[in-house]
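The values are calculated or read from the model by the stated rules, or taken from the named source; none is laboratory data. As the structure is a computational prediction, the values presented were derived from the model and not from experiment. Positions of Cβ are generated from backbone atoms using ideal geometry, with glycine treated the same way; all protein chains shown enter the neighbour counts.
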Amino acid sequence: MKDKIIRRVITVILEFEVMMLNIVSCVPSHHFRRFFYRLAGMKIGKGSTIHTGARFYDPRNIEIGQDSIIGEGVVLDGRDKLTIGHHVDIASEVMIYNSEHDVQSPDFHAVTAQVEIQDYVFIGPRAIILPGVKIGKGAVVAAGAVVTKDVEPSSIVGGVPAKEIGKRELKEYKYKLGRAAWLR
């Protein structure tokens, strides 16, 4: 009984922290938001920005590399490890989950699996990345795609569920992303 009470108290504290981060996400200052996200345990690389309206589940397991841009209204799930590489561009309203329910289980329990997004990936608006997925270096995920399986490096995927629809011709990635607007 004591363990159950302790787990519940910890859950309420985490819910309060997530609620506070949701409020912080509305403040139109990258520096202000980044300060509080780091305070909550997120690792955010130099030059990376998270636009307004981002939502998080357990920020302590989220790691973002250098020079990456996370768009408006993005959902980042940290209930298992979420790693986002360097020079990654994640467009608006993308949802990245690493926890889901086992629909075949009688108790409908949660199952988690880490998500890894490697360097130079672009994820288009409103795409959904599901638990256990690894997106290879330089890959592109089309707008609205639902990624249920690993994506090979330099692949372009789209659709529901996402399938390869092309390849990037670039052999070497050297670009840096542009600076985000100050008040977004």
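One residue stands out in the stretch 75-103 among those that are modelled with pLDDT of 95 or more and acidic (Asp, Glu): the one that is nearest to the chain's Cα centre (by Cα), namely 77.
Just one of 16, 36, 32 is in contact with a helix residue (DSSP H, G or I) (Cβ under 9 Å, 6 or more places away or on another chain), loosely packed, with under 13 Cβ neighbours inside 10 Å and more than 30 Å from residue 153 (Cβ to Cβ); which is it? Among 16, 36, 32, only 32 is in contact with a helix residue (DSSP H, G or I) (Cβ under 9 Å, 6 or more places away or on another chain), loosely packed, with under 13 Cβ neighbours inside 10 Å and more than 30 Å from residue 153 (Cβ to Cβ).
Restricted to the stretch 155-164, and to residues there that are assigned to a strand (DSSP E or B) and touching a residue at least 12 places away in the same chain (Cβ under 8 Å), the residue that is surrounded by the most Cβ atoms within 10 Å (Cβ to Cβ) is 157. Residue-level check: of (1) surrounded by fewer than 22 Cβ atoms within 10 Å (Cβ to Cβ); (2) in contact with a helix residue (DSSP H, G or I) (Cβ under 9 Å, 6 or more places away or on another chain), residue 65 misses just (2).
Every residue, every condition in (1) crowded, with 20+ Cβ neighbours inside 10 Å; (2) part of a helix (DSSP H, G or I); (3) free of Cβ contacts under 8 Å to residues at least 12 places away in the same chain, yes or no:
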site: 72; (1), (2), (3): no, no, no
site: 83; (1), (2), (3): no, no, no
site: 87; (1), (2), (3): yes, no, no
site: 108; (1), (2), (3): no, no, yes
site: 119; (1), (2), (3): no, no, no
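If you go through the stretch 44-64 and keep only what is over 19 Å from residue 99 (Cα atoms) and in contact with a Lys or Arg (Cβ under 9 Å, 6 or more places away or on another chain), you end up with 44, 47, 48, 49, 50, 51, 52. The set of residues in the stretch 127-138 being in contact (Cβ under 8 Å) with a residue 24 or more places away in the chain, in contact with a strand residue (DSSP E or B) (Cβ under 7 Å, 6 or more places away or on another chain) and either among the hydrophobic types (A, V, I, L, M, F, W, C) or buried (at least 21 other Cβ atoms within 10 Å of the Cβ) (or both) consists of 127, 128, 129, 130. Taking each residue of the stretch 55-69 that is β-branched (Val, Ile, Thr) and looking for partners that are not in a loop (DSSP other than H, G, I, E, B) with beta-carbon atoms closer than 6 Å, six or more apart or interchain, yields 62/76; 62/82; 64/44; 64/84; 69/49; 69/89. If the condition is being under 15 Å from the mean Cα position of the chain (by Cα) and of a type in the set (S, T, N, Q), then the stretch 23-49 contributes 25, 48, 49. Considering only the stretch 68-97, state which residues are touching a Leu at 6+ places or on another chain (Cβ under 7 Å) and more than 20 Å from residue 41 (Cα to Cα). Those that are touching a Leu at 6+ places or on another chain (Cβ under 7 Å) and more than 20 Å from residue 41 (Cα to Cα): 87, 89. Return the only residue of 115, 157 being among the β-branched types (Val, Ile, Thr) and either in contact with a helix residue (DSSP H, G or I) (Cβ under 6 Å, 6 or more places away or on another chain) or closer than 23 Å to residue 50 by Cβ (or both). Only one candidate passes the filter, namely 115. If you go through the stretch 126-154 and keep only what is more than 15 Å from residue 116 (Cβ to Cβ) and outside any loop (DSSP other than H, G, I, E, B), you end up with 128, 140, 146.
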